[in-house]
Amino acid sequence: MNQVKLNKKDYDAIIVGAGFSGLYQLICLRDQLNLNCVVLETGDDVGGTWYWNRYPGARCDTESHAYSYYFSDDLLKEWTWSERYPGHAEIRRYMNFVANKFDLKKDILFQQKVTSACFNNDENNWNVITNSKIEFKAKFLISAVGCLSNTNIPNIKGLEDFEGKYYHTGNWPKNGVSFAGKNVGQIGTGSTGIQAVPVIAEEAKHLTVFQRTANYSIPARNKPLTSEFKKHVKENSDLYKNLVKRTPNAHPFEISKRNVADVDPDELNEIYEKAWEIGGLQFRAVFNDLVTNIKANKTASDFIKKKIRETVSNKKFASILSDIDHPYAGKRPPIDSNYFETFNRDNVNLVDLRSEPIELIDRTGIKTKKNHFDLDIIVFATGYDAMTGPLINMNITGKNGLKLNDVWKEGPKTFLGLQIPGFPNLFTITGPGSPSVLTNMPMAIEQHVEWIRDCINYMNKKDYSTIETDINSAEKWGDEVNSVANQTLLPTVKHSWYLGANIPGKPRVFMPYAGGLPRYTEVCDKIKNNKYKDFILN
Ligand code: N01
């Protein structure tokens with residue numbers, strides 16, 4: 001454990017998590033407001049989601065020149081990415097670079113998992129206990145635990161009998177896993193699974209992919225960055241900063257104003273072909289109405305399905321992979337490096353779980369309704385109890401014994417994704433109800449972290465002890481979250497983690513704010529300029 005000076009009584013703020021959010025929150029509160037802070041982190045280094053996600057092929061889907069902090073011009077000058085999309089190891093190097101540059105590690109306690117957090121009504125502060133049974137106290141508790149940190153291994157009968165090894169992609173061993181000479185089975189074909197398949201197939205003796213829902217994917221066209229592009233990025237950092245703050249998803253490209261109906265079929269095909277060649281998430285941005293109009297969406301969906309059928313030579317596999325039951329980008333759209341091409345390899349098999357569901361896992365592998373697959377390793381690319389899971393997992397108790405787990409029984413209720421009624425002085429960075437997972441995350445994080453900094457600064461200057469929201473504000477904000485989501489196709493996808501539908505028993509509530517980061521920022525700024533009167537300050 002590193003040597004953070006434990007000052008149990010009077011931290012101003014406890015920050016939980018040392019990923020993008022936690023690091024920047026520490027800089028803002030410690031270095032800009034001069035507060036006494038500690039960061040509690042489960043892992044033994046900085047990185048957050050990227051500390052745990054070391055699975056083969058783990059790479060960011062946002063282009064590197066926008067996957068950065070923008071708050072520091074020096075940092076933008078000093079750091080240079082090497083590839084179009086940064087890989088997990090390079091992202092960890094970046095986060096270590098940030099931590100060292102701003103001397104952050106001296107205030108981070110590693111291997112400290114928060115096991116409970118309780119608001120003390122008499123003292124108006126938070127008591128936080130970690131797995132080491134150390135107790136911390138602070139006026140403010142700030143969750144920087146991320147949206148995708150609670151891994152989900154499905155409850156499949158017999159897993160405990162399996163004599164091989166199994167791993168979840170979101171909790172990957174630090175020293176890696178060797179697939180050489182092994183029969184591997186992978187369950188899950190979301191953004192993660194699609195990244196992992198080609199890399200595992202290269203190394204394993206044999207890979208069987210178990211697919212429940214077929215998925216779209218666009219080629220990422222990853223490549224090393226040229227020195228000209230690196231120079232261009234450095235010389236135009238203001239331009240990119242401006243762009244990511246202006247676009248709804250905080251990506252470094254504009255969303256076209258043109259609708260599908262504005263072009264004829266030849267032009268339509270030409271536009272899609274060009275976007276397919278460029279690759280990446282901007283495929284979604286070539287028309288304005290792809291995520292709002294099902295007829296427009298069908299043109300993109302059909303184009304991608306045709307590409308899948310053209311790419312995959314085994315007709316049965318091509319049919320299973322292109323039999324997609326939801327609109328393109330209705331779920332988080334994956335991008336890939338040779339995903340569909342991998343099914344042309346001799347050592348790769350595809351199992352359609354819709355026609356032969358998994359019945360159980362036994363000593364030697366996976367048994368489906370029709371077959372048994374002998375396996376040495378099972379990879380679970382089965383996603384997360386997203387957004388609410390990491391918060392509920394901390395066992396948070398608010399005012400008067402209010403348990404977060406109970407108040408969110410029917411789904412999360414927050415004001416702006418930043419505060420929860422009944423939980424004073426608790427801020428949740430990228431919490432449910434904020435743009436978070438629908439954006440390029442570091443941008444959404446910077447906006448939240450700076451808003452929280454300004455709010456705390458205001459409270460301290462005016463000598464307020466507590467800030468909290470009430471149920472009316474949370475319900476009104478929940479209506480806004482639903483209303484903007486319902487203007488898109490996203491809530492129409494029944495089996496989506498945005499709705500919590502991937503976790504048995506989890507309430508079906510659309511969790512992220514789909515109105516875009518600029519519109520959301522405007523709401524937050526208005527509240528700040530109005531001296532936080534939408535909150536209760538005491
Ligand atoms: O998880 P997912 P993920 N039996 O939930 C299947 C982010 N991300 O880790 O669709 C069989 O999307 C499930 O099947 P189905 C990104 O935001 C970011 O891939 O539920 N299959 C699905 O195929 C992304 O959206 C980057 O029918 C089961 C898969 O497992 C988020 O992480 C890179 C099953 C889960 O897909 C989560 O993606 C990668 C079962 N019992 C990921 N249970 C970046 O670029 C689940 N599945 C930053």
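With respect to (1) in contact (Cβ under 8 Å) with a residue 24 or more places away in the chain; (2) surrounded by fewer than 22 Cβ atoms within 10 Å (Cβ to Cβ), the lone exception for residue 370 is condition (1). Answer with yes or no whether residue 303 is within 26 Å of the chain's Cα centre (by Cα) and either modelled with pLDDT of 95 or more or of a type in the set (Gly, Ala, Ser) (or both). No: the conditions fail for residue 303.
Quick one: which residue in 197, 209 is within 27 Å of residue 83 (Cα to Cα) and either within 15 Å of the ligand (Cβ to nearest atom) or among the aromatic types (Phe, Trp, Tyr) (or both)?
None of the others qualify; the one that does is 197.
Among the criteria (1) buried (at least 21 other Cβ atoms within 10 Å of the Cβ); (2) within 16 Å of the ligand (Cβ to nearest atom), the one residue 359 does not fulfil is (1).
Filter segment 24-73 for residues that are of a type outside the set (S, T, N, Q) and without any contact (Cβ under 8 Å) to a residue 40 or more places away in the chain and give the result. Steps first, answer last, please.
The first filter runs over segment 24-73 and keeps only residues of a type outside the set (S, T, N, Q), leaving 24, 26-31, 33, 35, 37-41, 43-48, 50-52, 54-61, 63, 65-67, 69-71, 73.
The one that is of a type outside the set (S, T, N, Q) and without any contact (Cβ under 8 Å) to a residue 40 or more places away in the chain: 60.
The set of residues from segment 25-73 being hydrophobic (A, V, I, L, M, F, W, C) and within 16 Å of the ligand (Cβ to nearest atom) comprises 50, 52, 58, 60, 66.
Considered as a group, the residues in segment 154-181 that are within 30 Å of residue 14 (Cα to Cα) and within 16 Å of the ligand (Cβ to nearest atom) include one that is surrounded by the fewest Cβ atoms within 10 Å (Cβ to Cβ), and that residue is 171.
Cβ-Cβ distances below 7 Å connect the following pairs, each with a first residue in segment 162-184 that is more than 18 Å from residue 53 (Cα to Cα) and assigned to a strand (DSSP E or B), a second residue that is of a type in the set (A, V, I, L, M) and more than 15 Å from the ligand (Cβ to nearest atom), and a separation of six or more residues or different chains: 184/204; 184/207; 184/377.
Looking across segment 517-526, just one residue is surrounded by fewer than 18 Cβ atoms within 10 Å (Cβ to Cβ) and within 16 Å of residue 457 (Cβ to Cβ), and that is 525.
Checking each residue in segment 212-229 for being under 22 Å from residue 383 (Cβ atoms) and either of a type outside the set (A, V, I, L, M, F, W, C) or near the ligand (Cβ under 9 Å from one of its atoms) (or both) picks out 212, 213, 214, 215, 216, 217.
Each residue in segment 302-320 was checked for being out of contact with any helix residue (DSSP H, G or I) (no Cβ under 9 Å at 6 or more places or on another chain) and surrounded by fewer than 16 Cβ atoms within 10 Å (Cβ to Cβ), and 4 pass. Contact map, segment 233-248: first residue exposed (fewer than 15 other Cβ atoms within 10 Å of the Cβ), second residue not in a helix (DSSP H, G or I), Cβ cut-off under 8 Å, separation 6 or more or different chains; pairs are 234/80. Please determine, by comparing only the residues of segment 321-341 that are of a type outside the set (Asp, Glu) and more than 13 Å from the ligand (Cβ to nearest atom), which one is surrounded by the fewest Cβ atoms within 10 Å (Cβ to Cβ). The extreme case among them is 338. Looking at segment 12-102, the helices (runs of 4 or more DSSP H) lying wholly inside it that each contain 2 or more residues that are closer than 27 Å to residue 203 by Cα sit at 49-52, 88-101.
Among the residues of segment 487-505, those identified as surrounded by 17 or more Cβ atoms within 10 Å (Cβ to Cβ) and within 14 Å of the ligand (Cβ to nearest atom) are 490, 493, 496, 497, 498, 499, 500, 502, 503.
Could you check, for segment 445-459, whether at least one of its residues is within 16 Å of the ligand (Cβ to nearest atom), under 21 Å from the mean Cα position of the chain (by Cα), crowded, with 23+ Cβ neighbours inside 10 Å and of a type in the set (A, V, I, L, M, F, W, C)? Yes; the residues of segment 445-459 include at least one that is within 16 Å of the ligand (Cβ to nearest atom), under 21 Å from the mean Cα position of the chain (by Cα), crowded, with 23+ Cβ neighbours inside 10 Å and of a type in the set (A, V, I, L, M, F, W, C). Residue-level analysis places residue 479 outside the set of residues that are surrounded by fewer than 17 Cβ atoms within 10 Å (Cβ to Cβ), within 21 Å of residue 126 (Cβ to Cβ) and free of Cβ contacts under 8 Å to residues at least 24 places away in the same chain. Count of segment 225-269 residues, restricted to those that are assigned to a loop (DSSP other than H, G, I, E, B), under 26 Å from residue 445 (Cα atoms) and among the charged types (D, E, K, R), is 1. Since residue 138 meets every condition but one in (1) at pLDDT 95 or above; (2) within 25 Å of the chain's Cα centre (by Cα); (3) buried (at least 21 other Cβ atoms within 10 Å of the Cβ); (4) not aromatic (Phe, Trp, Tyr), which condition does it not meet? Here residue 138 meets the rest and fails (2).
The values are calculated or read from the model by the stated rules, or taken from the named source; none is laboratory data. Small disclaimer: the values here were computed from a predicted structure and weren't measured. Ideal geometry is used to build each Cβ from the backbone, glycine not excepted, and the neighbour counts take in all protein chains shown.
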